[in-house]
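Structure, as structure tokens:
Read-outs: derived from the displayed coordinates by stated rules, not from any lab. Computed from a predicted structure; not experimentally measured. No Cβ is skipped: glycine too gets one built from the backbone with ideal geometry, and neighbour counts run over all protein chains shown.
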């Protein structure tokens, strides 16, 4: 299964994600990971800059807005794309921080 570069933000400024999670890599960057509801492909975002847990949406470094739809989760496509993304960007460790983000455990953290 191929992994490709996403369309520019100017063409696709908002993306709804289902079966989503938030992963933090060893360098501290956090990424939305989920199923792109437009084409059902797995997707990994650029680093998250802001996240609003009430609106369930966040903005990434590219300026794209991700809308988190439904409950968190996973899929085989998402797992595959995350694994390939980690290989491409030489990510050797990461943590699922979804619950911390949603639970408000980091009130002083803008993400």
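How many angstrom lie between the C-alpha centres of segment 15-65 and segment 84-102?
Answer, in whole Å: 11.
Computed over the Cα atoms, what is the radius of gyration of segment 1-64 divided by 2.2 N^0.38 Å, N being its residue count? Let's see the in-between values first.
Numbers: Rg = 11.5 Å, N = 64, 2.2 N^0.38 = 10.7 Å.
Normalised by 2.2 N^0.38 Å, the Cα Rg of segment 1-64 equals 1.08.
Among 45, 93, rank each residue by its count of other Cβ atoms within 10 Å, from fewest to most, as a rough exposure measure. Before the final figure, lay out each step's value.
Details: 45 26, 93 8.
Ascending number of Cβ neighbours within 10 Å: 93, 45.
Between residue 37 and residue 99, what FRET efficiency follows from the Cβ-Cβ distance if R0 is 22 Å, with the result rounded to 0.05? Walk me through the numbers on the way to the answer.
Values: r = 22 Å, r/R0 = 1.02.
Rounded to the nearest 0.05, the efficiency is 0.45.
If you rank 41, 10 by fewest surrounding Cβ atoms within 10 Å, what's the result? Mind showing how you got there, number by number?
Numbers: 41 15, 10 8.
With the sparsest Cβ surroundings first, the list reads 10, 41.
What would the Debye equation give as log₁₀ I(q)/I(0) for the chain at q = 0.09, 0.11 Å⁻¹, counting only Cα atoms as equal point scatterers?
-0.20, -0.31
Treat the count of other C-beta atoms within 10 Å as a stand-in for reagent exposure and order 75, 29 from fewest to most. Walk me through the intermediate numbers first.
Values: 75 14, 29 18.
Ascending Cβ contact count within 10 Å gives the list 75, 29.
Quick one: compute the contact order of the chain, relative version, from alpha carbon pairs under 8 angstrom and 6+ residues apart, as a percent.
Across the chain, relative contact order equals 31 percent.
Under a point spin-label approximation (7 Å from Cα along Cα-to-Cβ), what is the residue 67-residue 54 distance to one decimal in nm?
In this crude spin-label approximation the distance works out to 1.9 nm.
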